[in-house]
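The values are calculated or read from the model by the stated rules, or taken from the named source; none is laboratory data. Model, not experiment: these values are computed from the prediction. A quick note on method: Cβ atoms are made from the backbone with ideal geometry, for glycine too, and the neighbour counts reach across all protein chains shown. SASA here: full protein model, heavy atoms, side chains in, ligands and nucleic acids out. Shrake-Rupley method; radii C 1.70, N 1.55, O 1.52, S 1.80 Å.
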Amino acid sequence: MRSLTLAALAGVALMAMMGPASAAWHGYISHALGFAFAAPGELKVEKGKYQGGVAGAHDATIFRSVDDNIEYKVIVVDMGQQANQAATLLGEAEYIFQDGKKVLMDAFGRVDGKYGRKLTIDLPNKAGRTTAAFWFVNGRIVSLQATVLPANGDFDTPEMGRFVDSITFYTVRAADDAIELTLPK
């Protein structure tokens, strides 16, 4: 009986260690955009559109990866022509992000002397939970967003915070082996 119990405990421990495979986290940096962060897996870059009532229409650059049913996105919107409206534009982006969703956390933050805002929301129709941080730096809105999809189900995973909190605006703080991000043409 004792050996059967030990074997069962060993099996449970082995299964716990084998859990779902996750991609390795890497440092990423953009000298052109002036920030660095960490994310799992390989990032894909794409162009997107941003639309705000005050901001108007702008092109966006989106860096994205998915790992273990968590979507990681960095969204960069160039607002250089309207940089004198930084507070209004940042507030509008944050409002658009949380509009019509259940807000679970809303806090101001500071990274490398830059002030921003961090929010956690539940998506409508039980489509997941997103933690995001918003910054207005060098004439750009920079947002890191991690969304736990329902297939993952661990809406309190620390991976969301790990991603969102990894940003630095001092590129010298990037990992020594950080991968330079390629901007779309």
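For the chain, the share of accessible area belonging to carbon and sulfur comes to 56 percent (1.4 Å probe, ligands and nucleic acids excluded). Ratio of Rg to Rh for the range 19-67: 1.11 [Cα atoms; Kirkwood radius as inverse mean 1/r over pairs]. Non-local lysine pairs in the chain, meaning eight or more places apart or on different chains, with alpha-carbon distances under 25 Å, amount to 23.
Length gained on full extension, W25 to N69, computed as 0.36 nm times the residue gap minus the Cα-Cα distance: 14.3 nm.
Averaging 1/r across all pairs of distinct Cα atoms in the range 113-185 and inverting the result yields a Kirkwood radius of 14.1 Å.
A protection proxy built from the mean count of other Cβ atoms within 10 Å ranks the segments 173-179, 33-39, most packed first, as 33-39, 173-179.
What fraction of the Cα pairs in the chain, stated in percent, has a spacing above 28 angstrom? So the portion of pairs separated by more than 28 Å is 29 percent. Per residue, the accessible area of the chain comes to 56 Å², computed with a 1.4 Å probe over protein heavy atoms only.
Spin-label pair N84-K44: with each label point 7 Å from Cα along the Cα-Cβ axis, the two points sit 4.1 nm from one another. Over the residues of the chain, the helix contribution to mean residue ellipticity at 222 nm works out to -6000 deg cm²/dmol, using -39500 (n - 2.57) for each DSSP H run of at least 4. With 0.36 nm allotted per residue and the present C-alpha distance subtracted, the I96-Y115 stretch has 5.0 nm of extension available.
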